[in-house]
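See below for the structure under consideration.
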Amino acid sequence: MKSSATKLPGAPRVGTVYLVGAGPGDPDLLTLRAARLVMSARLVVHDGLVDPSILAMAPAGARFVSVAKARARHTMAQDDINALLVREARAGNDVIRLKGGDPFIFGRGGEEAEACRAAGVPVDVVPGISAANAAAAAAQIPLTHRDSASIVSFVAGQCKGLAEQNWAGLAGVGRTLVIYMGVATADAIAEKLIADGLSPAMSLAVVENAARRSMRVLRGPLAGLGELVVREKVKSPAVIVIGDVTGRETAERLKELAEMAQ
Ligand code: SAH
């Protein structure tokens, strides 16, 4: 332990901030460590993606603070969330900061950890099952496959200046691209990838509400992505998986049919 963390006798206790991955929503997909922390929590700070069934695991009397974020509807600015975590820890409270999926994949966990460390607040990070992994398992789409993909990338589809993002080489033959937060910009994403040289016929799957009862898996070619999202009224949260791994079932079926026809 660093000497700066040594406390004089009687100095106030500083709580620990636990950045905990809550996975895709199904409580069965929590790590045991995350489940134990939630079940003994006295203060839970959570964002909107955390399923109510997971929050319900906290003991009676636990305090909940929602810092729900939705596209274009920020209920609490990131700086305010950072300040809240530091303030509570300095007041002696352990904070269970629950985040959907994994805290370090598009979860701003890095920013919160930095803010805590800068304030001398101990941080512990508990990984969670990220949406890409949850969607892959639930839809039975392997992200890698010896015959179809040996590279997998995760990108954020909702960012300012999508056109300036360099995704060249991330999608294509032998590669799987998983796009988070891509529903609102699906059309522009397909255009961008096709402009980068990807085949308009490349297969993809949109997995909405992965690992939840309301899950939908929609498949189609890259060129039809924008239309698919509109026609099927796809809502966030959803991931878009692009690559041959999403068409393996179809490819196998076509091969079978061709063999039967011979
Ligand atoms: N830290 C989270 C990602 C937060 S960004 C993680 O590791 O999963 C929010 C995006 O995650 C959503 O826009 C969506 O693209 C994706 N997402 C989160 N939960 C999902 C779910 N159950 N099904 C599909 N996509 C999900």
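For residue 174, the residues whose modelled amide H falls within less than 5 Å of its own, excluding neighbours fewer than 5 places apart on the same chain, are 244.
Taking label positions 7 Å along the Cα-Cβ direction at both residue 165 and residue 31, the computed distance is 2.6 nm, reported to one decimal. Calculate one ³J(HN,Hα) per residue across the stretch 229-236 by plugging θ = phi - 60° into the Karplus curve 6.51 cos²θ - 1.76 cosθ + 1.60, and present them in order as whole Hz with x for glycine and proline. Per residue, the Karplus-derived 3J(HN,Hα) values read 5, 6, 4, 8, 6, 5, 10, 5 Hz. Hey, could you get me the Stokes-Einstein D for the stretch 131-250, Kirkwood radius over alpha-carbon pairs, 4 °C and 1.567 mPa s, rounded to whole µm² s⁻¹? Using the Kirkwood radius from Cα pairs, D works out to 93 µm²/s.
Pull up the DSSP beta bridges for the stretch 17-126 and report the antiparallel fraction as a percent, rounded to 5. Bridges in the stretch 17-126 are about 15 percent antiparallel. Rounded to the nearest 20, the Cβ-based charge dipole of the chain about its Cα centre (Lys and Arg +1, Asp and Glu -1) stands at 900 debye. When both bridge partners sit in the chain, DSSP labels roughly 45% of those beta bridges antiparallel. Extending 7 Å from the Cα toward the beta-carbon at both residue 87 and residue 262 defines two label points whose distance is 7.1 nm. Where both partners of a DSSP beta bridge lie in the stretch 131-250, what percent of those bridges are antiparallel, to the nearest 5? DSSP beta bridges in the stretch 131-250 are roughly 70 percent antiparallel. The string of couplings for the stretch 185-196 from the Karplus curve (6.51, -1.76, 1.60, θ = phi - 60°) is 10, 3, 4, 5, 5, 4, 4, 4, 5, 5, 5, 6 Hz, one whole number per residue in order, with x for Gly and Pro.
Based on Cα coordinates alone, diagonalise the gyration tensor for the stretch 201-254, multiply each eigenvalue by 5, take square roots, and list the semi-axes in whole Å, largest first.
They are 19, 14, 9 Å, listed largest first.
When the charge dipole of the chain is built from unit charges on Cβ atoms (+1 for Lys and Arg, -1 for Asp and Glu) and taken about the Cα centre, the candidate among 238, 52, 96 whose Cα reaches farthest toward its positive end is 96.
Neighbour counts of other Cβ atoms within 10 Å put 31, 185 in the fewest-to-most order 31, 185.
Separation of the stretch 111-126 and the stretch 18-73, taken as the distance between their Cα centroids, equals 18 angstrom. Between residue 43 and 63, 96, the built amide H atoms are under 5 Å apart, and every one of these is 5 or more places off in sequence or on another chain. Note on the chain: GNM, Cα springs under 10 Å; of 32, 49, 204, the largest mean-square fluctuation is that of 32. Averaging the sequence gap over all C-alpha pairs within less than 8 Å and six or more residues apart, then dividing by the number of residues, gives the chain a relative contact order of 19 percent.
All of the numbers you see were taken from the coordinates with simple rules; none came from a lab. Owing to the predicted nature of the structure, the values given are computational and were not obtained by experimental measurement. Ideal geometry is used to build each Cβ from the backbone, glycine not excepted, and the neighbour counts take in all protein chains shown.
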